[in-house]
Amino acid sequence: MKKRESGFTLIELLIVIAIIGILAAIAIPNLLNAVQRGKQKRTMSDMRTMATAIEAYAVDNNVYPLAGCPGGTWASSNTPVVLGSTSSFSLLSPTYLAQPPTLDGWQHLMYYTVDTAAGQHYALMSAGRDGAPSGLVCGTTTNFNDDIYYSDGTFIQWPEGTQN
């Protein structure tokens, strides 16, 4: 009597490969979406941290920091400035924040502006995944490319729900 050889048939192997392919097709987009949401949440956390330091500075000095350098020479009134030079927010460091974050989750520079006329309002902004400022629409956003705005202690434009 001949002994039957053990092993998998070609059909069985193809079925297993097809199942793995289907599972990968479902899992990979969800994984990529989770990575982008993580970058959004990191950016929002960094903005809250910066805002806390800015507010603490304002409590001690009765004015929001006008610039990244001690001379206050970053930008004219109501013009956003890029947080990215090596001296960014040196007024906050190290007293209020050891290392001020200047990059968002996508490694793009964040923006900061303060109402220099009255000195009573400030705003932080991330340009989102694409790195190009697209403007303020207020409220929730559903696109990873949309900007994230934090102003005067609250988010005025933020991601929520399913993103694309």
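Quick note: the coordinates plus some simple rules give every number you see, no bench work behind them. On a predicted model such as this, the values are computed, not experimentally measured, just so you know. Here the Cβ is made from the backbone with ideal geometry for all residues, glycine too, and neighbour counts use every protein chain on show.
Averaging the sequence gap over all C-alpha pairs within less than 8 Å and six or more residues apart, then dividing by the number of residues, gives segment 92-155 a relative contact order of 25 percent. Here the gap between residue 107 and residue 6, fully extended at 0.36 nm per residue and compared with their Cα-Cα distance, gives a gain of 31.0 nm.
Taking Lys and Arg as +1 and Asp and Glu as -1, the other residues whose beta-carbon sits under 13 Å from that of residue 131 total -2.
Could you order peptides 40-49, 6-15, 154-163 by the average number of other Cβ atoms within 10 Å of their residues, highest first? Spell out each step's value before the answer.
Numbers: 40-49: 17.6, 6-15: 8.9, 154-163: 14.1.
Highest mean packing first, the order is 40-49, 154-163, 6-15.
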